[in-house]
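S.K.: Below is the structure I would like to discuss, written out as C-alpha cells.
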Amino acid sequence: MKVRPLRRPRVSAAVVVLVLVATACGSGEPSTTETVTESTTTPVDAPEPTDLVAAADVPAPDTAASAVVPAVTAEPEVSTAPLVVDPLPVHVEGHRGARGLKPENTLQAFETALDIGVSTLELDMHLTADGAVIVWHDANLGADKCRFSDTNREFPAAGVPVASLTSVELADYQCDLNPNTDLFPDQNNNSTEIAGDDYQPVTLAAVFDFVEVYANSPDKTDEQRARAAVVEFNIETKRDISDPAAIGDDFDGVNPGAFELQTLAVVEAADVADRVVIQSFDHRSLWAIRSVDPDIRLAALTSGDSPDLDEMSLNGANIWSPNFNVMTKELVDQAHALGLLVIPWTVNDAESMQMVIANGADGFITDRPDIAAVVAYSET
C-alpha cells in the first residue's frame, strides 16, 4: 500500500528501524462519532514554520500544573546503534490519547498511546479562569469523568465549569472515571510507568513537558523514546460554533481571542510548532489563527455530509477531518485535488479502519491505537 505523505520530516539524522510492538485487542467495541482530527507524520512540502506572533502581542505562556510531570531521575541507557524513526505504515492519531484504554486527555492516556507508537497525540483544549490552556474536552469537569481528590468531598452532579477554575485548582480533581463502560469496556485507570496514578487535569504546557520527559525516560525502550521525540500533536480549540464567546475571552469570531493567542504562545514556548496541528469545529477560530500565523497547520473538523472544501482550502486549512461515517472516496478525491489531507474521526474497529484506508484517507483518529497498530501493519 502506498502511503500519502503528510508532512516533510524535520527529524535530525538519527538512524535504525523503529518497530512498533502492539498486541491485538478485541475489536468488538463500536465505532464512535466524537470530536477529533488531524495531522501528520510526513506531509506535503509546506514552507518552514516561522515565528508565530510577536511576543508583545501574546499573553505569557502558562506553566501551571507542569509540576505533575514526573522528572527524569536517571540518564536513559541509549544503544550505541544509531536510531532511525521509521513512520508507521498508516498515520494513526490517538484520540484524547487512547480513550478506549485510559481515561481521556490524561497523561496516562498519552503515555499509553506513546507506548503503542501513534503518529500523533490528539487532544482538546479549554481556557481556565486564570488564562491557562487546559487539556479537556467538555466545558465542565463532569461527575461521570471526574471526582474530588479529597474523597470526603461530594462532587456536584452538574459538574464544575472549566472556565471557573484556576490552573492551581486543577490539583483538587482526579479525572479517572469511565463514563461509558459499554462503549469503553477495556478502559482502566491503573498506574502507568511515568505518569503514575495521579489523574488530575493538566495544561497543554504540561503535556508538552511530559512528552519530553517520556523521550528521555530510562523506563522506555530506545524505539519508544525515538518516536516520542518526533510525535506530533493535534490540538483542538473547543469553541462552541453556535456561541463563539462561550470560552469567556470575548472572541468576536474574526480576530483571535485570548484562547487562540495563548495556545500559540504555549506552542511557541515549547518549540513544537513544526509538530503541531490546530483543529476546530468552529472554523472561525482557525481562520483567526491563520490571520496571525501563516505557517502553523490547521485542520477543519466537520460532522455533516456536505463540507465546503473550497472554503477550507481558500481560508488556509491544510487538513479536512470529517466524521468517518460520511467520508466517501469521492469527497476524499475532491479534498486531495484542493491540496487538503483527509484525517477522519473517530475510527475504532478494524473493519472501519480498513474502509477509510481503502477510500484514500491519509490516516485516521482512533480511541483504540492498539487495534490501529495491528491494522496499520496488516495493510502493508
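The values are calculated or read from the model by the stated rules, or taken from the named source; none is laboratory data. Keep in mind it's a predicted model, so treat the numbers as computed, not measured. FYI the Cβ positions are ideal-geometry reconstructions off the backbone, even for glycines, and counts take in every protein chain you see.
S.K.: Six or more apart or on different chains, Cβ under 6 Å: which pairs go from a residue in segment 355-380 that's in contact (Cβ under 8 Å) with a residue 24 or more places away in the chain to one that's among the basic types (Lys, Arg)? Could you list them?
M.R.: ASN359/LYS329; GLY360/LYS329; ASP362/ARG4; ASP367/ARG99
S.K.: Residues of segment 238-254 being more than 21 Å from the chain's Cα centre (by Cα) and surrounded by fewer than 14 Cβ atoms within 10 Å (Cβ to Cβ), which ones? Give the steps one after another, and end with the answer.
M.R.: At the first step, the residues of segment 238-254 found to be more than 21 Å from the chain's Cα centre (by Cα) are 242-246, 248-254.
If the condition is that a residue be more than 21 Å from the chain's Cα centre (by Cα) and surrounded by fewer than 14 Cβ atoms within 10 Å (Cβ to Cβ), then SER242, ASP243, ALA245, ASP250, ASP252, VAL254 are the ones that fit.
S.K.: Tell me which of these ASP172 doesn't satisfy, since it passes every other one: (1) of a type in the set (Asp, Glu); (2) over 22 Å from ALA157 (Cβ atoms); (3) without any contact (Cβ under 8 Å) to a residue 40 or more places away in the chain.
M.R.: Going through (1) of a type in the set (Asp, Glu); (2) over 22 Å from ALA157 (Cβ atoms); (3) without any contact (Cβ under 8 Å) to a residue 40 or more places away in the chain one by one, ASP172 breaks only (2).
S.K.: Assess whether VAL347 counts as being in a loop (DSSP other than H, G, I, E, B) and either within 26 Å of VAL202 (Cα to Cα) or touching a Cys at 6+ places or on another chain (Cβ under 7 Å) (or both).
M.R.: Details: in a loop (DSSP other than H, G, I, E, B): yes; either within 26 Å of VAL202 (Cα to Cα) or touching a Cys at 6+ places or on another chain (Cβ under 7 Å) (or both): yes.
When the stated conditions are applied, VAL347 passes them.
S.K.: Return yes or no: is VAL230 of a type outside the set (Gly, Ala, Ser), under 16 Å from THR120 (Cα atoms) and either in contact with a His (Cβ under 8 Å, 6 or more places away or on another chain) or not in a loop (DSSP other than H, G, I, E, B) (or both)? Show your work before the answer.
M.R.: Working: of a type outside the set (Gly, Ala, Ser): yes; under 16 Å from THR120 (Cα atoms): yes; either in contact with a His (Cβ under 8 Å, 6 or more places away or on another chain) or not in a loop (DSSP other than H, G, I, E, B) (or both): no.
No: the conditions fail for VAL230.
S.K.: Would you confirm whether any residue within segment 348-356 is among the small types (Gly, Ala, Ser) and at negative phi? Spell out how you get there, then give the answer.
M.R.: Filtering segment 348-356 down to residues among the small types (Gly, Ala, Ser) leaves 350, 352.
With the extra rule that they be at negative phi, the set shrinks to 350, 352.
Within segment 348-356, one or more residues are among the small types (Gly, Ala, Ser) and at negative phi.
S.K.: Residue pairs, Cβ under 6 Å, 6 or more apart or interchain, first in segment 299-328 and in contact (Cβ under 8 Å) with a residue 12 or more places away in the chain and surrounded by fewer than 22 Cβ atoms within 10 Å (Cβ to Cβ), second β-branched (Val, Ile, Thr) and outside any loop (DSSP other than H, G, I, E, B). List them.
M.R.: Matching pairs, first to second residue: ASP305/VAL326.
S.K.: Looking only at segment 88-107, decide whether some residue is at pLDDT below 65, farther than 21 Å from LEU183 by Cβ and in contact with an Asp or Glu (Cβ under 7 Å, 6 or more places away or on another chain).
M.R.: Of all residues in segment 88-107, those at pLDDT below 65 come to 88.
Now narrow it down to the ones that are farther than 21 Å from LEU183 by Cβ: 88.
Pick out the ones that are also in contact with an Asp or Glu (Cβ under 7 Å, 6 or more places away or on another chain) and you get none.
Checked against the condition, which is being at pLDDT below 65, farther than 21 Å from LEU183 by Cβ and in contact with an Asp or Glu (Cβ under 7 Å, 6 or more places away or on another chain), segment 88-107 yields no hits at all.
S.K.: If ASN234 passes every condition in (1) touching a strand residue (DSSP E or B) at 6+ places or on another chain (Cβ under 8 Å); (2) among the polar types (S, T, N, Q); (3) farther than 21 Å from SER119 by Cβ but one, which one does it miss?
M.R.: It is condition (3) that ASN234 fails.
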